[in-house]
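J.: Starting off with a structure, shown below.
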Amino acid sequence: MIETIERMLDDVKQGKLSRRQFTLSLATLASGAFAAPAFLTAQEKPEGFRAVTLNHVTVRVPDLHRTSQFYQEFFGMPLKQQSAKVHILGVGSSFFGIEQGEGKAATVDHFDFGIADFNADKVRARLSELHLNFADKTSSESFKFYDPDGFQVQVNGPGYVGHVG
């Protein structure tokens, strides 16, 4: 699209296209760009469960307070929730979870996807069909499972804000 606009600007400079023609062409181009995603969405319904946000990432670290202080100061992430072993820092409408680890190595504990029209029972049913493991069989708000590579993944609706405890 940028190349098309640049060509049209060159045509205006060379007198091949009037300002009015340029404006109409730009409006047509823009309206087509905005209409295309809606058209594709209506025509191609994705299979499975559509992730619409990367809700959060949670890490386990050897020193919860040192790590939390670093991210608060360096990135300006406000402390949203805390307990003795968990800090949740705000990142826009998402968050960054920090948990006190057991060992000396820092690790990624899990990552979380916000799912459009989240229905925990339907997600669990599909995971069962795929023979993937999950422990929580009752929560309707959020739960974790292990993907085929062993990564722990959390799923919930896109507005999930986390809970310490």
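J.: Taking residue 55 as meeting all but one of (1) touching a Pro at 6+ places or on another chain (Cβ under 9 Å); (2) surrounded by 10 or more Cβ atoms within 10 Å (Cβ to Cβ); (3) modelled with pLDDT under 95; (4) not in a strand (DSSP E or B), write down the number of the exception.
T.: Of the numbered conditions (1) touching a Pro at 6+ places or on another chain (Cβ under 9 Å); (2) surrounded by 10 or more Cβ atoms within 10 Å (Cβ to Cβ); (3) modelled with pLDDT under 95; (4) not in a strand (DSSP E or B), the odd one out for residue 55 is (4).
J.: Hey, another quick one. Could you please find all residues in the stretch 59-106 being at pLDDT 95 or above and β-branched (Val, Ile, Thr)?
T.: Across the stretch 59-106, the qualifying residues are 59, 61, 67, 86, 88, 98.
J.: Quick one: residue 73 ticks every box in (1) more than 17 Å from residue 56 (Cβ to Cβ); (2) within 19 Å of the chain's Cα centre (by Cα) except a single one, so which number is it?
T.: (2)
J.: Also: Working only within the stretch 98-122, note down all residues that are in a loop (DSSP other than H, G, I, E, B) and either crowded, with 17+ Cβ neighbours inside 10 Å or over 20 Å from the mean Cα position of the chain (by Cα) (or both). Give the derivation first.
T.: Going through the stretch 98-122, the residues in a loop (DSSP other than H, G, I, E, B) turn out to be 101-106, 116-119.
Within the stretch 98-122, 101, 102, 103, 104, 105, 106, 118 qualify.
J.: Is one or more of the residues making up the stretch 129-143 assigned by TED's automatic domain parsing to the domain that holds residue 55, under 15 Å from residue 58 (Cα atoms) and out of contact with any Gly (no Cβ under 6 Å at 6 or more places or on another chain)?
T.: yes
J.: Being free of Cβ contacts under 8 Å to residues at least 24 places away in the same chain and on the phi < 0 side of the Ramachandran plot is the requirement here; does residue 129 meet it?
T.: For residue 129, the condition - free of Cβ contacts under 8 Å to residues at least 24 places away in the same chain and on the phi < 0 side of the Ramachandran plot - is met.
J.: Among the listed residues 81, 69, which satisfies the condition of being out of contact with any Lys or Arg (no Cβ under 6 Å at 6 or more places or on another chain) and part of a helix (DSSP H, G or I)?
T.: Residue meeting the stated conditions: 69.
J.: Spot the failing condition for residue 90; the list is (1) surrounded by 14 or more Cβ atoms within 10 Å (Cβ to Cβ); (2) among the small types (Gly, Ala, Ser); (3) outside any strand (DSSP E or B), and only one is missed.
T.: (3)
The values are calculated or read from the model by the stated rules, or taken from the named source; none is laboratory data. Keep in mind the model is a prediction, meaning the values are calculated, not measured. Note that we place each Cβ from the backbone using ideal geometry, even for glycine, and neighbour counts take in every protein chain shown.
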